[in-house]
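The values are calculated or read from the model by the stated rules, or taken from the named source; none is laboratory data. For clarity, every value in this text was computed on a predicted model and none was experimentally measured. Here the Cβ is made from the backbone with ideal geometry for all residues, glycine too, and neighbour counts use every protein chain on show.
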Amino acid sequence: MSSRLVGSVAVALALVVAACGKGGAEESGGGAGTSADTVKTGPGATADTITLGYLPDLSGVFAPNGKSQMEGANLYWDAKNKAGGICGRQIEVKVQDTGYDPQKAVAAYQQLSGDVIGLGLVLGSSIVSALLPSVESDGMFLNFAGWTSDILPAENVAIAGTTYDIEAINAVDFLMSEKGVKAGDTIGHLYFEGDYGENALKGSKFAAGKHDLKIVEQKITPADQDMTGQVSAFKKAGVKAILFSAAPPQAASLAGVAASQKLDVPIVANGPGWTPQLLKTPAAKALEANYYVVSSMAPLSVQSEGVQKFLTDYKAANPKGTPSSNGSLYAYAGAQIADAALTKACENKDLTRKGVLDALHSLNALDTGGTVAGTLDFTDPSRPPGKLVYLAKVSADAPGGLKALGEPSEAADAQGYEFK
Amino acid sequence: MSRALVTAAVFVVLAALPIWLESFWLQTALFAMAAMIAAIGLSLLIGIAGQLSLAHAFFVAIGAYGYAYLAGEGVAPLLALLGAVLLAGLAGAAFSPIAGRVRGIYLGLASLGLVFLGQHILQNATGITGGYEGVAVEPFSLFGFSFSNTDPDTLVILGVPYGRLERLWYLGVVLVALAVWYGRNLVRSRPGRALATLRDSEVAAAVMGVDVVRYKAAAFTVSSMYAGLGGVLMALAFGRIVPESFGFVLSVDFLVMVVIGGAGSVGGAAAGALFVTALPLVLNHYSGSLPLLAEPGTGGVGASEFSRFIYGAAIVAVLLFARDGLAGLARRARKERVA
């Protein structure tokens, strides 16, 4: 009886295996499938579709930003598909929520990875760190929704513009040339523990060393919401300006508390330190007086062709939505980068993952129409693709709450900066 | 006899599963197995020894980072695994004087501090932990066979290429089996009964000749070693570990696993771990085909939000109707069948 049972189990198993073993499914797609138009394809590309994976945070701490990003991405790809797609193929976007949890992200990646040609957007550097080994072995490109130079050099990762450290160097340059900060002065830097804040700090320290400035550091975590202690420390140190590399809740507290303690100095923030919602907080007045943003993502008031097209399309698609530079505009720009790489790969008749990666690294002067400052050069994986930044001042009348100050620029100091 | 046969059949099925499980399922299963091992440890601590701990994520992190560090320094993977488990045990033993002094909710709060201490260390001891960038985890290997995509570079069994996930599956199954076996034996052994007495009444236990302080410390140490082993498997399943994975939320998740599974039951803890770990991942996987759930990125209630609702509902249901969790339900079902 018992041996018969074992025997029948074995036979059943053998049958099941023969019937529905997963086989080398991933390999079969990866071969040199050549279709009628002789474009080589691999995973994520067929004769009529190209599939991109998106891994935003839709349920975790950055969920509002993630939802905004998907608005921007859908906006771009819907329009692209209406216009005929890329290479005669429609673009399909496969979205998986990461919840800003590396474990969920790794599982979600495993689910997507067989079907996509590359990742159109991944939010969070801890998530990118966790995914990177798999992404590298699968050889696909990854649009990183973050601007830290710690990720460099990375063959597979595309950054939209320049990095936080370069932004901070430009911020110091702005303070010295426009806001009367002189050699020997003290400036404060309020920053988040982790990749974003610490990367910006590297830049401000570099610039401070160049100009004999003293940096007073205040490190916080995203859980810290009240900046009273930090403002007191800055006031005691007699800072002439404050660099800010944290999130909007801290910005509201910082500007508000500084105003009430009569610390009337300019505050220059990295891109993620701004959201238009800040203008609805009680700190709006203080922000309008002293708050500046330096970022490679365009303030929405920029009168460039790309940004204006984005704004009109966005208003048409989401009449009630609020466009933001780091959310919908970033994802829109990321889609522009992916589009350029895919189009180039199509010209090279090679829509495999490697073909797309090679095409990305052959782009040396990608013009996004102003959504990202300057032109982007992806040929050197050890440097960020952009050099220029936008400087903007808070203004309640401007779209997105930011008024651009002049054209995109680059501080002279940034040229001598070594990454790593 | 028939029991042995069932066990054998289960193992045959488990051994065959990677042949047709897609990589998503293997990855999910590996995370679930890692959680199972750690949850068994916490279940023993809470259910048998009666000590509430919110520090479990901290000990899991020690196991994960301990393995990554040791294996990265060139220690043989098997020794690195044992070393990481010992390290977690040592950390548990070091904390046990506190565990011996405070009870119940106070111990929960005291242990909670460890999680935040751990996060601070993971973020700032960059030489060992890599800070926010995390560290790469060396693949496990045994007698020259590597649980990764290389060495042997191609391994094809019944037409299925065996990569990292397929190979790790077997390691996971063996480790979970060991954890269950050891846990069951511990509960039924003399020390296990001593711990249960301790939980019910320390005075009675002391009168019976149980060394209260020593047993309490031992329970905390063993539970931490379980957490450490779970951490090692988790690190291997990730391939690269970052501090965010070992935060307060993970500790709470472990608590939920134990409550849903039924505190004190080894099998229950494993079932609870499977439920809590796999539910959000699986719901996410099917969010496209489930009628009520919105596709990610389109607004509305998505899979992640929905799985949180199920979580909450499951905990409330367990607390109201089945205080002894899934394990208790299974026990009652079995009794009814016999009667």
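For the range A:331-345, the criterion of being at pLDDT 90 or above, surrounded by 18 or more Cβ atoms within 10 Å (Cβ to Cβ) and outside any helix (DSSP H, G or I) is satisfied by no residue at all. For the range A:358-370, the set of residues classified as hydrophobic (A, V, I, L, M, F, W, C) and either surrounded by 24 or more Cβ atoms within 10 Å (Cβ to Cβ) or part of a strand (DSSP E or B) (or both) consists of A:Leu360, A:Leu366, listed by residue number. Can you tell me which residue in the range B:72-84 is surrounded by the fewest Cβ atoms within 10 Å (Cβ to Cβ), limited to those that are at pLDDT 90 or above and small (Gly, Ala, Ser)? Only one residue tops the list, namely B:Gly83.
Across the range B:8-57, the qualifying residues are those that are within 13 Å of chain A (Cβ to nearest Cβ) and outside any helix (DSSP H, G or I), and the one among them that is modelled with the lowest pLDDT is B:Trp20. The requirement of being closer than 23 Å to B:Ser307 by Cα, more than 9 Å from chain B (Cβ to nearest Cβ) and hydroxyl-bearing (Ser, Thr, Tyr) is not satisfied by A:Ser59. The set of residues in the range A:309-326 that are small (Gly, Ala, Ser) and surrounded by 17 or more Cβ atoms within 10 Å (Cβ to Cβ) comprises A:Ser324, A:Ser325.
A:Glu136 satisfies every condition listed in (1) more than 14 Å from A:Leu52 (Cα to Cα); (2) surrounded by 21 or more Cβ atoms within 10 Å (Cβ to Cβ) except (2). Screening the range B:94-211 for helices (runs of 4 or more DSSP H) wholly inside it with 2 or more residues that are within 21 Å of the chain's Cα centre (by Cα) and among the aromatic types (Phe, Trp, Tyr) returns the ranges B:164-188. If you go through the range B:233-272 and pick out every residue that is touching a helix residue (DSSP H, G or I) at 6+ places or on another chain (Cβ under 7 Å) and away from every other protein chain (no Cβ under 13 Å), you end up with 19.
The sole residue among B:Tyr162, B:Tyr132, B:Tyr182, B:Tyr170 that is aromatic (Phe, Trp, Tyr) and within 10 Å of another protein chain (Cβ to nearest Cβ) is B:Tyr132.
Rundown of residues vs (1) among the aromatic types (Phe, Trp, Tyr); (2) assigned to a helix (DSSP H, G or I); (3) at pLDDT 95 or above; (4) closer than 23 Å to A:Gly401 by Cα, yes/no style:
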residue: A:Asn199; (1), (2), (3), (4): no, yes, no, no
residue: A:Lys219; (1), (2), (3), (4): no, no, no, no
residue: A:Gly229; (1), (2), (3), (4): no, yes, no, no
residue: A:Val268; (1), (2), (3), (4): no, no, yes, yes
residue: A:Gln277; (1), (2), (3), (4): no, yes, no, yes
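Quick grid of which residues meet (1) surrounded by fewer than 24 Cβ atoms within 10 Å (Cβ to Cβ); (2) in contact with a His (Cβ under 9 Å, 6 or more places away or on another chain); (3) under 30 Å from B:Ser96 (Cα atoms):
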position: B:Ser2; (1), (2), (3): yes, no, no
position: B:Phe11; (1), (2), (3): yes, no, no
position: B:Met36; (1), (2), (3): no, no, yes
position: B:Gln51; (1), (2), (3): no, no, yes
position: B:Tyr69; (1), (2), (3): yes, no, yes
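Checked against the criteria, A:Ser253 does not count as in a helix (DSSP H, G or I), in contact with a His (Cβ under 6 Å, 6 or more places away or on another chain) and either surrounded by 16 or more Cβ atoms within 10 Å (Cβ to Cβ) or within 14 Å of another protein chain (Cβ to nearest Cβ) (or both).
Does A:Gln308 qualify as being among the polar types (S, T, N, Q), part of a helix (DSSP H, G or I) and either in contact with a strand residue (DSSP E or B) (Cβ under 8 Å, 6 or more places away or on another chain) or at negative phi (or both)? So A:Gln308 fits the description; yes. Determine if the range A:77-95 includes at least one residue that is out of contact with any Ser or Thr (no Cβ under 7 Å at 6 or more places or on another chain), of a type in the set (S, T, N, Q) and farther than 18 Å from B:Leu281 by Cα. Checked the range A:77-95: at least one residue is out of contact with any Ser or Thr (no Cβ under 7 Å at 6 or more places or on another chain), of a type in the set (S, T, N, Q) and farther than 18 Å from B:Leu281 by Cα.
Going through (1) under 17 Å from B:Met225 (Cα atoms); (2) without any contact (Cβ under 8 Å) to a residue 24 or more places away in the chain one by one, B:Leu81 falls short only on (2).
Once the range B:208-256 is narrowed to residues that are within 22 Å of B:Tyr69 (Cα to Cα) and polar (S, T, N, Q), the residue that is modelled with the lowest pLDDT is B:Ser245.
Taking the criterion of being assigned to a helix (DSSP H, G or I) and at pLDDT below 90, the only residue of the range A:162-195 that qualifies is A:Asp195.
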